[in-house]
Amino acid sequence: MPTDTNSDTTDTILPKHYEPQIAEQAGSGWEASGYFSSQPQNDGRESFSILLPPPNVTGMLHMGHAFQHTLMDTLIRYQRMCGKNTLWQPGTDHAGIAMQIVATRELERRGIDVAALSREEFLTHAWEWKQQSGNTITQQMRRLGASCDWQRECFTMDDNLSAAVTQAFVKLYEDGYIYRGKRLVNWDPVLLTAVSDLEVVSEEESGVMYHVRYPFVDDEDNGIIIATTRPETILVDGAIAVHPDDERFLPLLGKRVWVPLCSPPRSIEIIADEYVDPQFGSGCVKITAAHDFNDYAVYQRHPDIPLIVLFTPDAKMNENAPETYRGMDRFAAREKIVADLTAQGLLIKQEPHRYKLPRGDRSKAVIEPMLTDQWFMRMDKMAERGLALADEGQVRFVPDNWRRVYQEWLSKIHDWCISRQLLWGHQIPAWQDPDGNWYIAETEEQAQQQAGDKPLTRETDVLDTWFSSALWPYSTLDWHTQPENPHFQSYFPTSVLITGFDILFFWVARMVMMTDYMVGGSPFHDVYITGLVRDREGQKMSKSRGNILDPLDLADGISLEELLAKRTHGLMKPEQAQQIEADTRQQFPDGIPAYGVDALRFTFASLASYGREIKFDLGRCEGYRHFCNKLWNAARFVLSVADGGYENAAADIETVANLPVQDEWIISRLQRAEQTVADSFAEYRFDLAALEIYQFFWDDYCSWYLEVAKVQLIYGDASVRANTTRTLLAVLEAGLRLCHPIMPFITEQLWQKVAPLVDKKTAATIMLAAYPQAEAAKINPAAEAAMARLKAIVEAARQLRQEYNQPGATLLVSGSDSEQLVPFLVKLAGCKNARSIAAAELPTNAPTVKIHELTLLMDCPQIDIAARNEQRQRELQQLQTELAAVEKMLANPQFMQKAREQAINSKQQQQQRLLQKIDELTSQTLS
RNA sequence: AGGCGCGUAGCUCAGUUGGUUAGAGCGCUACCUUGACAUGGUAGAGGUCACAGGUUCAAAUCCUGUCGUGCCUACCA
């Protein structure tokens, strides 16, 4: 940003404009000075702790992170300043599949054949990558001011955390929660691993429904017609099912049909099962038990159905297919099979069909239900505990409706497939002897002891990444090695978990269950579920949509060229680049200006209501950068005052007494702001806290108090001026502390200058200064009423001035305190010629406003009497309509009888106000 | 198919247990460079609170239904 105007050096205190880059340097020493460190001494302080949802070690900071981290940091900073003993526990997640993909890609880039590597060699490479590139995201977090206890940063595959995984696995196995079995699981044929049902996303796609005739064994000219979207699986069909009550097919039950295209020929039976929907398709379902979850369920009810696997792990036709199809990819095989069915006259018809196709979350490959040996965790009893903890209120969801989502899922939970056929991750602590017996132990030695002299080989599968994440609440606090350690004692259970609803099941529910099982009790008191950050059109931000925003680009700014490069580089579908470029050019013709971290954080805070989605609008960000500038300039003004900037400003003006009621007002207003902010944080209403801070600073402190203070500084005597200067400083200083948790950098920079001037430099940094607490004794209704009156009078004068802004116009003021008010009208309403006058001397037939026992009159050369009257008339009419409504209510006996006293009072007051206004307006008619 | 949410100013959103004149930011109009700030100031325009019923003295707020919209879960071969 150009800073020409900033080099204007009449001002040595602060540059004329706020510059985020400079302000952000104010926080550069925080971490090194140890301000972020937790101190788990038992010193009587209440604890407040937050677990950072560990971002993927492969990850880059995105808007969702930045948003949630802002909220966590705000709370931690707030509680720290409130005197709590705080810990924000950071760390990263090993991100099984994601990391394996990254490491594989990196090896391929270096021309290394991954398939040829041993497990150990691969892991060595992966760890190398982690050491070199795995701290990107935590560095980015530091840029945003995240005051985590970075000394305690951990990684889910650290030795210590891995020990917790092994311990939990063994205990769960010994307690009968973990078992191994051959089950139908979601298989990703590209990544060659099982995935849990949460990692499968089904979206509607276009397909074809094929109707195929299976000839009767005893009557080959006739047959039964089934409908299928996957004709390639015909080859391993085990039965045909119809509904037991479907009269069309009753006579056919028990009959056998030939499975098409099989060689040697194979026949299957027609059976009855409730699962079949007679209305759908042909009413007959082919049962392919090894490749479909529903069919598998049918198989479990009819164990005679043959269970034949058709595919290799990478979804090619295996040896169970007739020779002509063997080795073909499943989709190629489908085409050939359709052709062959057609040739044999067995394909009755095919029609377009929309259906949901399950795809792997990561690979986007069509998931194949596959019969494999896997490790599972029994979830029924765990889920009961998870539900009970929510019912008992040991874990509290904010907003509350997420409790129902959580309960809904837990009450329909399936067993969890926890094994993955990957290299990167926690290798399952299980060993097998040549007879196929399994030995589960924390170490190989212990397993060997169980096995006697039988040779053992270790299970190669690793655990689902979410298994270790589920232990995060206690593994990071070393409960499993040292239950009595001070960190665990001080910070567990944690105060609040802040995360998105997208991982409510993946992570939150599992943490609750696992922590409860291992440690006992819920790992956190509150779970605050945030919305998901979307773009300004409400679209999810994603690389492929080309609408991603990097939070650091919002803070530091980015040129259009760089932004285009970021958005179009490395796309899955390069043909989208052109559209993305066009959209980006249109939305950001000049790139993105640097809004600064503080403005970005304030934006996030102000967007954090209880909503489910957050449309991110750059306009908000810009507005809050302006707010930073406002704060900056307010401080600049106040510092100049403290530095003697307003000295002698009014040497020739007569002193006006009794001014400082306004000081009491702004102090009173500050207490209310402090209370509102505290209440808002208590409910996680960051938006309301931000709004209150914004309004307090801009509307009350800057727009009113600062302007009033100028009058006091000009017209007041020495003691008034001293008092005003002190109030300006004191309120600013407290306001900076009030604001610090949301905008840490600018407040630090300004506070360092402001605090010493009011003897408030009680700590080396604002982040360790005390958070301002509302004091009821300082709330001053009389001062608030006086200020409300002054505001109303000034606003009335502004309106008059706006309407009669012509040369020679003079504002005349009459009333008991008109003398004192004139300076305010000069300064605040911009009426340079204002003067006090006795009521008797007021000219007649001039635009007049009567307000609060005061008469304001604009004495000016030219008045459009008709226009003025017409406007008064309009206002009058409006007031009278309002009055009529109020009086109707007051005349309603039922209202008077049933309404709360407070409601009646306020209506009566409203009536009085309206009557008075009407009276004042009526007397202002000109002739 | 079930479940959850949303629909308030041109746009993005607040609106606490029903109760003064429904608010904020951005945008828009007019005027103003007044010694903190033009990243500013002043005044203003703009809302039948999606629609239809109902409960109530009183509904943006509570209930029912309709329409629109988003998401989650489960899925029909």
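The values are calculated or read from the model by the stated rules, or taken from the named source; none is laboratory data. Computed from a predicted model, the values in this text were never measured in an experiment. FYI the Cβ positions are ideal-geometry reconstructions off the backbone, even for glycines, and counts take in every protein chain you see. Calculation scope for accessible area: heavy atoms of the full protein, side chains included, ligands and nucleic acids excluded. Shrake-Rupley method; radii C 1.70, N 1.55, O 1.52, S 1.80 Å.
Scanning region A:539-564 for residues that are over 14 Å from the mean Cα position of the chain (by Cα) and within 16 Å of RNA strand B (Cβ to nearest atom) yields A:Q539, A:S542, A:S544, A:R545, A:N547, A:L549, A:L554, A:A555, A:D556, A:G557.
Enumerate the helices (runs of 4 or more DSSP H) found wholly within region A:596-686, keeping only those where 3 or more residues are open to solvent by 10 Å² or more (accessible area, probe 1.4 Å) and modelled with pLDDT of 85 or more. Before the answer, list the steps.
Values: elements: A:597-607, A:618-642, A:661-682.
It comes to A:618-642, A:661-682.
Can you pull out the residues in region A:66-80 that are open to solvent by 10 Å² or more (accessible area, probe 1.4 Å) and not basic (K, R)? Scanning region A:66-80 gives A:Q68, A:H69, A:Y78, A:Q79. Kindly provide the set of residues from region A:231-244 that are β-branched (V, I, T) and either closer than 14 Å to A:R213 by Cβ or surrounded by fewer than 20 Cβ atoms within 10 Å (Cβ to Cβ) (or both), ordered by number. Listed by number, the residues that qualify are A:I234, A:I240.
Scanning region A:594-640 for residues that are within 8 Å of RNA strand B (Cβ to nearest atom), touching a Leu at 6+ places or on another chain (Cβ under 6 Å) and hydroxyl-bearing (S, T, Y) returns no hits.
Where residues in region A:227-237 are at pLDDT 90 or above and of a type outside the set (S, T, Y), which of them is nearest to RNA strand B (Cβ to nearest atom)? Result: A:R230.
Counting just the residues of region A:913-927 that are touching a helix residue (DSSP H, G or I) at 6+ places or on another chain (Cβ under 8 Å) and open to solvent by 60 Å² or more (accessible area, probe 1.4 Å), which one comes out nearest to RNA strand B (Cβ to nearest atom)?
Restricting attention to region A:913-927, the residues satisfying the condition of being touching a helix residue (DSSP H, G or I) at 6+ places or on another chain (Cβ under 8 Å) are A:914-915, A:917-918, A:921-922, A:924-927.
Next, only the ones that are open to solvent by 60 Å² or more (accessible area, probe 1.4 Å) stay: A:915, A:917, A:922, A:925, A:927.
Working: A:L915: 13, A:K917: 8, A:T922: 17, A:T925: 19, A:S927: 24 Å.
Filtering region A:913-927 for residues that are touching a helix residue (DSSP H, G or I) at 6+ places or on another chain (Cβ under 8 Å) and open to solvent by 60 Å² or more (accessible area, probe 1.4 Å), the one nearest to RNA strand B (Cβ to nearest atom) comes out as A:K917.
For region A:873-911, a residue qualifies if it is farther than 22 Å from A:K850 by Cβ and in contact with a Lys or Arg (Cβ under 7 Å, 6 or more places away or on another chain), and the qualifying residues are A:M889, A:L890. Within region A:499-525, the only residue that satisfies the criterion of being free of Cβ contacts under 8 Å to residues at least 40 places away in the same chain and either in contact with a helix residue (DSSP H, G or I) (Cβ under 6 Å, 6 or more places away or on another chain) or within 16 Å of RNA strand B (Cβ to nearest atom) (or both) is A:D502. Considering region A:86-95, and only residues there that are in contact with an Asp or Glu (Cβ under 7 Å, 6 or more places away or on another chain) and part of a strand (DSSP E or B), the residue that is surrounded by the most Cβ atoms within 10 Å (Cβ to Cβ) turns out to be A:L87.
Can you name the helices (runs of 4 or more DSSP H) wholly within region A:499-585 that have at least 2 residues being open to solvent by less than 10 Å² (accessible area, probe 1.4 Å) and touching a Leu at 6+ places or on another chain (Cβ under 9 Å)? Answer list for region A:499-585: A:510-518, A:551-556.
Selection of region A:677-730 for residues being under 26 Å from the mean Cα position of the chain (by Cα), more than 9 Å from RNA strand B (Cβ to nearest atom) and of a type in the set (D, E, K, R) yields only A:E692.
Count of region A:96-117 residues, restricted to those that are under 13 Å from A:L423 (Cβ atoms) and open to solvent by less than 50 Å² (accessible area, probe 1.4 Å), is 11.
Across region A:287-310, a minimum of one residue is classified as more than 16 Å from RNA strand B (Cβ to nearest atom), within 45 Å of the chain's Cα centre (by Cα), over 22 Å from A:L253 (Cα atoms) and not polar (S, T, N, Q).
Only one of the numbered conditions (1) more than 26 Å from the chain's Cα centre (by Cα); (2) crowded, with 19+ Cβ neighbours inside 10 Å; (3) not aliphatic (A, V, I, L, M) is not met by A:P589, and that is (2). Might you let me know whether region A:817-825 holds any residue that is open to solvent by 60 Å² or more (accessible area, probe 1.4 Å) and of a type outside the set (S, T, Y)? Yes: region A:817-825 contains one or more residues that are open to solvent by 60 Å² or more (accessible area, probe 1.4 Å) and of a type outside the set (S, T, Y). Evaluation of A:E31 against the conditions (1) within 30 Å of A:G546 (Cα to Cα); (2) open to solvent by 50 Å² or more (accessible area, probe 1.4 Å); (3) not basic (K, R) shows that the sole unmet condition is (1).
Across region A:330-347, a minimum of one residue is classified as within 16 Å of RNA strand B (Cβ to nearest atom), basic (K, R), buried (at least 18 other Cβ atoms within 10 Å of the Cβ) and at negative phi.
Residues are listed down the side, and each one gets a yes or a no for (1) buried (at least 18 other Cβ atoms within 10 Å of the Cβ); (2) touching a Cys at 6+ places or on another chain (Cβ under 6 Å); (3) part of a strand (DSSP E or B):
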residue	(1), (2), (3)
A:D246	no, no, no
A:P251	no, no, no
A:P265	no, no, no
A:P278	no, no, no
A:V285	yes, no, yes
A:H291	yes, no, no
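Selection of helices (runs of 4 or more DSSP H) fully inside region A:705-757 by the criterion of at least 2 residues being open to solvent by less than 10 Å² (accessible area, probe 1.4 Å) and in contact with an Asp or Glu (Cβ under 7 Å, 6 or more places away or on another chain) returns A:718-739, A:744-754. Give all pairs with beta carbons closer than 7 Å in which a residue from region A:782-799 that is closer than 26 Å to A:T810 by Cβ and in contact (Cβ under 8 Å) with a residue 60 or more places away in the chain meets a residue that is open to solvent by less than 60 Å² (accessible area, probe 1.4 Å) and near RNA strand B (Cβ under 9 Å from one of its atoms); count only pairs at least 6 apart in sequence or on separate chains. Pairs that qualify, where the first residue is closer than 26 Å to A:T810 by Cβ and in contact (Cβ under 8 Å) with a residue 60 or more places away in the chain and the partner is open to solvent by less than 60 Å² (accessible area, probe 1.4 Å) and near RNA strand B (Cβ under 9 Å from one of its atoms), are A:K791/A:W704.
Among the residues of region A:894-912, those that are more than 19 Å from A:T922 (Cα to Cα), open to solvent by less than 90 Å² (accessible area, probe 1.4 Å), more than 6 Å from RNA strand B (Cβ to nearest atom) and not hydrophobic (A, V, I, L, M, F, W, C) comprise A:N905, A:K907, A:Q908. In region A:195-208, the residues that are farther than 16 Å from A:I413 by Cα form Cβ pairs under 8 Å with partners that are within 8 Å of RNA strand B (Cβ to nearest atom) and outside any strand (DSSP E or B), at six or more places apart or across chains, as follows: A:G207/A:T229; A:V208/A:T229. Kindly establish whether A:I498 is farther than 17 Å from A:T166 by Cβ and touching a Gly at 6+ places or on another chain (Cβ under 8 Å). Here the answer is no, as A:I498 does not meet what is asked. If you check A:L184, A:L191, A:L161 for being farther than 30 Å from A:I766 by Cβ, in contact with a strand residue (DSSP E or B) (Cβ under 7 Å, 6 or more places away or on another chain) and modelled with pLDDT of 95 or more, only one passes: A:L161.
If you scan region A:833-866, which residues turn out to be under 23 Å from A:I918 (Cα atoms), open to solvent by less than 50 Å² (accessible area, probe 1.4 Å) and outside any loop (DSSP other than H, G, I, E, B)?
First, the residues of region A:833-866 that are under 23 Å from A:I918 (Cα atoms): A:839-840, A:842-859, A:863-866.
Adding the requirement that they be open to solvent by less than 50 Å² (accessible area, probe 1.4 Å) leaves A:842-843, A:846-849, A:851, A:854-858.
Scanning region A:833-866 gives A:T848, A:V849, A:I851, A:L854, A:T855, A:L856, A:L857, A:M858.
The test for being more than 13 Å from RNA strand B (Cβ to nearest atom) and outside any helix (DSSP H, G or I) holds for A:L812.
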